[in-house]
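Nothing in this text is a laboratory measurement; each read-out follows from the coordinates by a stated rule. The structure displayed is predicted, hence computed values, not measured ones. Virtual Cβ from ideal backbone geometry, glycine too; neighbours counted across all protein chains shown.
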Amino acid sequence: MVSRLNRSLVRDLWHLRGQVLAAGLVVACGLAAFVTMRSAYHSLIDARAQYYAEFRFADVFAPLKRAPEPVLARLRDIPGVSAVETRIVRDVILSVPGLAEPATGRLISIPDSRRPMLNDLFIRVGRYPAPSRGNEVLASETFARANGLGVGVRIGAVVNGRWSELTIVG
């Protein structure tokens, strides 16, 4: 048996059916947006983790002016440290074809042999620099595209106070 209060409720809902439907749709849209955003968030987290693992992205960076080699061994002995790698990083002045003014570039050393390393490289076009040639470099895709540079292009650079001509190989 339907009570008088329930009949009144049904009658009120019937009269307000447009507003009730609109409120229900707003709740459904909010729920759908929440599920979509949560799924996108988890996809981004998974993609980042996969990228970091695949290219061995470092968790910690420690810039130093100069450090002796024994420091490297001591860093490897720290609990929780699985890999340590040293690199030389230099900011240089570049003479890029097509630019009216000199550009600033960053040279980062890489191992002579192509092997897995921390912050590994993904070479989309070209090849890894030959160990016997000190004037071969890899350029970031963004920099190369912005300046119309490709494999084989030569750019000038002031490295350690001396003029050098560098060839982009990848």
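What to note about this one:
- S8 paired with V153, simple spin-label distance in nm, labels 7 Å along Cα-to-beta-carbon: 7.9
- Result for the chain in a Gaussian network model with C-alpha springs under 10 Å: among G156, G148, G80, the largest mean-square fluctuation is at G80.
- Choice from I45, I93, I123 with maximal GNM fluctuation in the chain (Cα, 10 Å cutoff): I45
- On Cα atoms only, tilt of 17-54 relative to the major axis of the chain in degrees: 20
- In plain terms, the chain from L118 to E165 could stretch by 14.2 nm, reckoned as 0.36 nm per residue minus the Cα-Cα distance.
- The distance separating the Cα centre of region 118-170 from that of region 33-89 comes to 24 Å.
- Available extension along the chain between Y128 and E101 is 6.8 nm, counting 0.36 nm per residue and deducting the alpha carbon span.
- Using just its DSSP H runs of length 4 or more, each adding -39500 (n - 2.57), the chain gives a mean residue ellipticity at 222 nm of -12500 deg cm²/dmol after division by all residues.
- When the Gaussian network model of the chain links Cα atoms closer than 10 Å, the mean-square fluctuations of V27, V137, V153 top out at V27.
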